[in-house]
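Engineer: Attaching a single structure in structure tokens format; questions to follow.
The values are calculated or read from the model by the stated rules, or taken from the named source; none is laboratory data. These numbers come from a predicted model, not from an experiment. Cβ placement follows ideal geometry from the backbone for every residue including glycine, while neighbour counts extend to all protein chains displayed.
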Amino acid sequence: MSNIVALTLIIGLFCEAALIAILVWSIFVPDRRLWPPRQVSWLSQIIVWMPTIAVFGSAIIIGLSQWNALGWPLWLRWTIGLPWVLAGNVVVWSAALGIGMDATSGAEAELKTDGIYRWSRNPQYVADMGILLGWAILSAAPSAWIIAIGGVVAFALAPFAEEPWLEDVYGALYRKYRTRVPRFFGIPR
């Protein structure tokens, strides 16, 4: 493992640990939660977005540096990995733009229940997981898998920190939505 890969892996893992710690804190101490932020500001956005960007950046750098170190066949990498990366990006960016970047950063906004939000209460988190796993498959890089798994853990925890806040903000409207639409992905009830 080269020095750049080792350093990038350390940065990625540190950022994932920070995100997971923020989410676990917010789940177990909701009165003093860090996600979603009580007030969206440039500082709260930096606290959330910098480690998130660092996780994706780490996965990309490591994946390119260790490209196909696992020796996986091209057909597997390009027919599974690439579509997951592409589909994940389409979903995450359409969902983020659909609710607005402020709401994506944790600001209160109108509850979105149509479009992709009919199939998932958390399409951005699901798509982010798909992007990371797709990149790990496409790059076939062992250390990219380490980053992808940590990222999936963080994105899987995020709804548990966010959903109590959504219920507080939107009340009965959110509770009704929650009974109809799966947390991650599925057929609406």
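Engineer: Looking at this structure, is Gly71 at pLDDT 95 or above and outside any loop (DSSP other than H, G, I, E, B)? Please lay out each step first, then the result.
Structural biologist: Working: at pLDDT 95 or above: yes; outside any loop (DSSP other than H, G, I, E, B): no.
Here the answer is no, as Gly71 does not meet what is asked.
Engineer: Is at least one residue of region 49-63 buried (at least 17 other Cβ atoms within 10 Å of the Cβ) and in contact with a Pro (Cβ under 8 Å, 6 or more places away or on another chain)?
Structural biologist: No, there is no match, as no residue in region 49-63 is buried (at least 17 other Cβ atoms within 10 Å of the Cβ) and in contact with a Pro (Cβ under 8 Å, 6 or more places away or on another chain).
Engineer: Give just the number: which of (1) assigned to a helix (DSSP H, G or I); (2) without any contact (Cβ under 8 Å) to a residue 40 or more places away in the chain does Asn89 not satisfy?
Structural biologist: Condition not satisfied by Asn89: (2).
Engineer: Go through region 1-48 and report how many residues are within 16 Å of Ala161 (Cβ to Cβ) and in a helix (DSSP H, G or I).
Structural biologist: Summing the residues that are within 16 Å of Ala161 (Cβ to Cβ) and in a helix (DSSP H, G or I) in region 1-48 gives 19.
Matching residues to (1) over 13 Å from the mean Cα position of the chain (by Cα); (2) farther than 18 Å from Ala158 by Cβ:
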{"site": "Gly12", "(1), (2)": "yes, no"}
{"site": "Val29", "(1), (2)": "yes, no"}
{"site": "Gln39", "(1), (2)": "yes, yes"}
{"site": "Trp42", "(1), (2)": "yes, yes"}
{"site": "Ile46", "(1), (2)": "yes, no"}
{"site": "Ile53", "(1), (2)": "no, no"}
{"site": "Ile61", "(1), (2)": "yes, yes"}
{"site": "Trp75", "(1), (2)": "yes, yes"}
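Engineer: Right, something else. Which residue out of Gly63, Gly134, Gly115, Gly106 is touching a Phe, Trp or Tyr at 6+ places or on another chain (Cβ under 7 Å) and either within 22 Å of Pro36 (Cβ to Cβ) or acidic (Asp, Glu) (or both)? Walk me through how you get there before you give the answer.
Structural biologist: Details: Gly63 fails: either within 22 Å of Pro36 (Cβ to Cβ) or acidic (Asp, Glu) (or both); Gly134 fails: either within 22 Å of Pro36 (Cβ to Cβ) or acidic (Asp, Glu) (or both); Gly115 fails: touching a Phe, Trp or Tyr at 6+ places or on another chain (Cβ under 7 Å).
Among Gly63, Gly134, Gly115, Gly106, only Gly106 is touching a Phe, Trp or Tyr at 6+ places or on another chain (Cβ under 7 Å) and either within 22 Å of Pro36 (Cβ to Cβ) or acidic (Asp, Glu) (or both).
Engineer: Here's something else I'd like to know. If only one of Thr79, Thr8 is crowded, with 17+ Cβ neighbours inside 10 Å, over 18 Å from Pro159 (Cα atoms) and of a type in the set (Val, Ile, Thr), which one is it? I'd like the intermediate steps shown before the answer.
Structural biologist: Numbers: Thr79 fails: crowded, with 17+ Cβ neighbours inside 10 Å.
Matching residue, one of Thr79, Thr8: Thr8.
Engineer: Pick from Ile131, Ile147: which is in contact with a Ser or Thr (Cβ under 6 Å, 6 or more places away or on another chain) and closer than 23 Å to Ile61 by Cβ? First the steps, then the outcome.
Structural biologist: On the way: Ile131 fails: in contact with a Ser or Thr (Cβ under 6 Å, 6 or more places away or on another chain).
Ile147 is the lone residue from the list that is in contact with a Ser or Thr (Cβ under 6 Å, 6 or more places away or on another chain) and closer than 23 Å to Ile61 by Cβ.
Engineer: OK, next. For residues that are in contact (Cβ under 8 Å) with a residue 12 or more places away in the chain and either within 30 Å of Asp114 (Cβ to Cβ) or of a type in the set (Val, Ile, Thr) (or both), tally how many sit in region 60-80.
Structural biologist: If we filter region 60-80 for residues that are in contact (Cβ under 8 Å) with a residue 12 or more places away in the chain, which is where we start, we get 60-72, 76-78, 80.
If we keep only those that are either within 30 Å of Asp114 (Cβ to Cβ) or of a type in the set (Val, Ile, Thr) (or both) as well, we get 60-62, 80.
Residues meeting the conditions: 4.
Engineer: Of the residues in region 1-55, how many are within 14 Å of Ser143 (Cα to Cα), modelled with pLDDT of 90 or more and of a type in the set (Gly, Ala, Ser)?
Structural biologist: Residues in region 1-55 being within 14 Å of Ser143 (Cα to Cα), modelled with pLDDT of 90 or more and of a type in the set (Gly, Ala, Ser): 2 in total.
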